[in-house]
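Read through the structure below, which is laid out as structure tokens, and then see the notes.
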Amino acid sequence: MPAAAHPSRRTPKDPADLNEMWRPDPDRAALLVHDMQRYFLGFFAPGVAPLHQLLDHTAQIVDAAREAGVPVLYTAQPGDMTRAQRGLLHDIWGPGMTGDPAHREIPPEVAPREGEAVLTKWRYSAFARTDLKERLVRLGRDQLVICGVYAHIGCLMTAVDAFTCDVQPFLVADAVADFTPAFHALALEYARERCAATPFTADVVQALRTAPGPACGAGAVRGAGHGG
């Protein structure tokens with residue numbers, strides 16, 4: 001049943017444009033490379049869209065973050081999870097990845113460097129059963145730039161949880177990928193209207209390499225048109 005309109009409230013058809021309000025700031029942001037393990041990337045055909053663009057764009061953002069002194073964090077599932085560890089994930093996805101490096105490895109072009117934290121991933125959100133929130137507090141960071149897979153599952157749930165923790169999320173429109181263009185668009189639309197800015201890679205790289213200035217511009221509008 002639709003709610004009655006109220007003149008003093010934004011409606012779902014009139015959300016705030018977070019791309020106009022928020023901009024990644026190298027003094028405030030941390031970068032999260034989300035679940036970029038070969039097991040998850042194996043869904044995509046090698047060398048073509050969306051995998052090629054995902055790896056290339058994520059690598060650009062990782063490089064810009066490192067150059068700017070922005071903390072780079074990773075999530076990765078441990079593999080060989082027991083039935084109890086999998087919990088309800090097992091009901092939807094089955095046993096999941098093995099502990100074989102062919103499943104667990106993060107491709108070298110976006111892999112962590114020595115000293116960069118890799119959080120063990122247990123559930124959809126990177127905040128679930130990890131110390132991500134506490135790490136951000138210790139680092140003095142209240143923005144989280146998110147790249148990786150899958151857009152409408154873990155990436156989106158992580159963005160929602162960041163928002164819930166009063167951490168500004170940036171779900172990078174062309175540096176997240178998904179099973180289908182429709183799922184990708186779903187993630188960006190929900191994020192854009194409810195919890196996150198959805199800039200493009202070029203927006204994020206420019207922001208991390210320059211002093212704070214104007215917000216992300218039209219990325220949220222354009223982002224919904226990109227498949228992945």
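A few remarks follow.
- Tally of residues being surrounded by fewer than 24 Cβ atoms within 10 Å (Cβ to Cβ), under 18 Å from PRO46 (Cα atoms) and not polar (S, T, N, Q) across segment 170-185: 2
- The condition (being surrounded by 14 or more Cβ atoms within 10 Å (Cβ to Cβ) and of a type in the set (Val, Ile, Thr)) is satisfied by just one residue among THR120, THR98, THR58, THR82: THR58.
- Any hit, segment 199-216, residues being modelled with pLDDT under 95 and crowded, with 16+ Cβ neighbours inside 10 Å: yes
- For segment 51-139, the helices (runs of 4 or more DSSP H) that sit wholly inside it and include 2 or more residues that are over 21 Å from ALA175 (Cβ atoms) and not hydrophobic (A, V, I, L, M, F, W, C) are 83-86, 89-93, 101-104, 132-139.
The values are calculated or read from the model by the stated rules, or taken from the named source; none is laboratory data. Note that this is a predicted model, so its numbers are computed, not measured. A quick note on method: Cβ atoms are made from the backbone with ideal geometry, for glycine too, and the neighbour counts reach across all protein chains shown.
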